[in-house]
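Chemist: Questions regarding the structure given below will be posed in turn.
The values are calculated or read from the model by the stated rules, or taken from the named source; none is laboratory data. Just so it is clear, the structure is predicted and the values come from calculations on it, not from any experiment. Note: ideal-geometry Cβ built from the backbone for every residue, glycine included; neighbour counts use all protein chains shown. When the accessible area is computed, the model is the full protein with side chains, heavy atoms only, and any ligands, DNA or RNA have been set aside. Shrake-Rupley method; radii C 1.70, N 1.55, O 1.52, S 1.80 Å.
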Amino acid sequence: RKIAQNPDAREEIEENFSIPILELESNQKAGKKSEVDLDKCFLSDDDLPEILKAIIADGNINVLLIDNNKITDEGARIIANFLEKSNIDDLSLSESGITDKGLKEIYKASLKNNTLTKFTFALGNRKITPEESEVLELILKQTAKNYADKLIEGLENMNIRYTGDADITEPEPQLPPP
């Protein structure tokens, strides 16, 4: 990774973006997934392409928190394009400048990204519009579907099949022999 090899870049990213590079590297070596927390980093739409490109290149990051930044609907479009190519399963875009237009882009991407299982979008001081509410409902339904699909896939990997009509009952307690 270029970041790991360039001490100036490493220092700047760690200071400005709250990304602990050493932790990311050790998690990567251990095969663990990691999170990138860009909360309150004063990011704008223009900052996103380079940051998201680095996250895709890392490949081990599955949680992306971009809360409390200056992200607009254009930034949501950039993030949506990123989601289609990433393994992100937890995305948070709280307290940004994203409206229903940007949320629609995120929703379209969530249809193509079957790893997204959690989406957080808190509004802060403003009220949600009916349009935003409708799109958020669609996003939440899709992330719930992705989550359920992952659970079923996990069961199948353990050779447990779900048929939809299982009747699970507690076995009758057995009395010890007299």
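Chemist: Calculate the translational D of region 75-139 in whole µm² s⁻¹ from Stokes-Einstein, where the hydrodynamic radius comes from the Kirkwood formula applied to all Cα pairs, the temperature is 37 °C and the viscosity 0.692 mPa s. Write out the running numbers ahead of the final one.
Modeler: Details: Rh = 11.8 Å.
Approximately 279 µm²/s, per Stokes-Einstein.
Chemist: Please compute the contact order of region 66-115 in relative form: average sequence separation of alpha-carbon pairs under 8 Å and at least six residues apart, divided by the residue count, as a percent. Show your work: numbers first, answer last.
Modeler: On the way: 62 pairs, mean separation 26.9, N = 50.
Taking the mean separation of contacting Cα pairs over the length of region 66-115, I get 54 percent.
Chemist: Let me ask something else about it. Between region 40-62 and region 130-152, what is the separation of their alpha carbon centroids in Å?
Modeler: Taking the Cα centre of each part, region 40-62 and region 130-152 sit 23 Å apart.
Chemist: Additional query: Is region 49-164 rounded, prolate or oblate when judged by the Cα gyration tensor, a ≥ b ≥ c being the square roots of its eigenvalues, rounded requiring a/c under 1.5 and prolate requiring a/b larger than b/c?
Modeler: Values: a/c = 2.44, a/b = 1.46, b/c = 1.68.
Note, shape of region 49-164 comes out oblate.
Chemist: So, one more: What does the charge count around Asp46 come to, taking other residues whose C-beta lies under 11 Å from its C-beta (Lys +1, Arg +1, Asp -1, Glu -1)? Intermediate values should be presented prior to the final figure.
Modeler: Numbers: positive: Lys70; negative: Asp45, Asp47, Glu50, Glu74.
Its environment carries a net charge of -3.
Chemist: Continuing with the same structure: Of the accessible area of region 71-129, with the probe set at 1.4 angstrom, what percent is carbon plus sulfur?
Modeler: On the way: 1290 of 2760 Å².
Here it works out to 47 percent.
Chemist: Two decimals, Cα atoms only, Kirkwood Rh: what is Rg/Rh over region 68-107? Mind dumping the intermediate values first?
Modeler: Working: Rg = 9.5 Å, Rh = 10.1 Å.
Radius of gyration over Kirkwood radius for region 68-107 works out to 0.94.
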